[in-house]
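Single-structure report; data block below.
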Amino acid sequence: MSDTNRRGLLVILSSPSGAGKSTLSRMLLDWDATLRFSVSATTRAPRRGEEDGREYFFKTKEEFEALVQSGGMLEHAQVFGNYYGSPLAPVEKAITAGRDILFDIDWQGGQQIRGSVLQRDVVSIFILPPSIKELERRLTSRGQDSAEVVAGRMAQAKSEISHWAEYDFVLINDNLEECFERLKTVFQAARLRRDARPELMSHVQMLNQEFEDLL
């Protein structure tokens with residue numbers, strides 16, 4: 001929900017490819033229409049039908065590098081010759097207004113965000129597969145990648161899983177619907193964190209004043 005009585009959450013969802021991160025992200029967005037997916041910036045050229053600020057914030061290489069140098073990027077990486085990253089300003093504006101922002105990113109991006117100026121607003125969640133055999137089955141059954149690509153994703157998964165302990169919450173996606181219910185529980189509890197609810201201070205002050213009035 002969007003709630004001006006609290007700070008928004010910066011929700012990081014990470015997993016190895018095939019563990020269900022993207023599916024769970026879509027389910028979260030469908031579950032709560034006020035939750036917003038983080039819009040990344042990129043130096044690649046817009047594709048047909050893409051709009052600046054909707055699919056991506058399209059930047060020149062110079063603009064992107066200037067944002068990095070000035071501390072204007074929460075996280076960034078270079079992929080196949082183009083920069084990709086998460087601009088700080090729109091995320092900061094959203095969480096100040098009490099809106100929650102979802103990041104579907106890998107452990108490297110998550111690590112950068114957890115070390116950023118917005119680290120106190122972060123809730124990080126890692127999704128584990130029930131087994132390596134099941135992970136391979138899911139990657140293969142999608143039918144999108146060659147055997148060589150699947151093997152590469154499996155090799156990368158070992159490195160990604162090694163970072164599980166860096167996250168606040170870790171869920172095992174052994175059953176998609178059950179995992180989603182656990183994810184919603186984490187999300188709802190995080191919205192009630194003391195440090196995300198500045199109105200609590202004035203409420204406690206009011207209670208203390210009522211104690212004084214009883215004397």
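Any read-out appearing in this document is the output of simple, stated calculations on the displayed coordinates, not a laboratory observation. Keep in mind that what you see is a predicted model, and the values were worked out from it rather than measured. Neighbour counts run over all protein chains shown; Cβ positions are idealised from the backbone, glycine included.
The figures follow:
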item: Stokes-Einstein D (µm²/s) once Rh is taken as the Kirkwood radius of segment 164-215 over alpha-carbon pairs, at 20 °C in 1.002 mPa s; result: 152 µm²/s
item: For the chain, built as a Gaussian network whose Cα springs stay under 10 Å, the top-fluctuating residue of Q188, Q112, Q144; result: Q144
item: Mean residue ellipticity (222 nm) of the chain, computed from DSSP H runs ≥ 4 via -39,500 (n - 2.57), nearest 500; result: -13500 deg cm²/dmol
item: Difference of contour (0.36 nm per residue) and Cα-Cα distance, Q156 to E134; result: 6.4 nm
item: Karplus-derived 3J(HN,Hα), 6.51/-1.76/1.60, for each residue of segment 169-180, Hz, glycine and proline x; result: 10, 10, 10, 9, 8, 8, 9, 4, 5, 5, 5, 5
item: Largest to smallest principal axis extent of the C-alpha atoms in segment 68-183, angstrom; result: 42, 38, 23
item: Highest-fluctuation residue, G152, G85, G20 considered, GNM on the chain with Cα pairs under 10 Å; result: G152
item: Too-long pairs where the Cα-Cα distance tops 27 Å, listed order kept, from K21/K61; K21/K133; K61/K184; result: K21/K61; K61/K184
item: Label-point separation in nm, Q209 to E181, each point 7 Å along Cα→Cβ; result: 4.4 nm
item: G98 long-range amide H proximity, modeled H, under 5 Å; result: G8
item: Whole-Å semi-axes of the ellipsoid equivalent to segment 118-202 (Cα gyration tensor, √5λ, descending); result: 34, 15, 10
item: Whole-Hz couplings from phi, Karplus 6.51/-1.76/1.60, listed for segment 142-150; x for Gly and Pro; result: 5, x, 9, 10, 6, 4, 5, 5, 4
item: Cα-based convex hull, segment 64-128, per residue volume (Å³, whole number); result: 93 Å³
item: log₁₀ of I(q)/I(0) at q = 0.14, 0.16, 0.18 Å⁻¹ - segment 8-101, Debye sum with one point per alpha carbon; result: -0.59, -0.77, -0.96
item: Acute angle (nearest 10 degrees) that the helix 21-31 long axis makes with the longest principal axis of the chain, alpha-carbon atoms; result: 40 degrees
item: Three-way shape call for segment 1-59 based on the alpha-carbon gyration tensor, with the a/c threshold at 1.5; result: oblate
item: Gaussian network model of the chain, springs between alpha carbon atoms under 10 Å - residue of V117, V186, V170 with greatest fluctuation; result: V117
item: Estimated Rh, the chain: Kirkwood, alpha-carbon pairs, angstrom; result: 19.0 Å
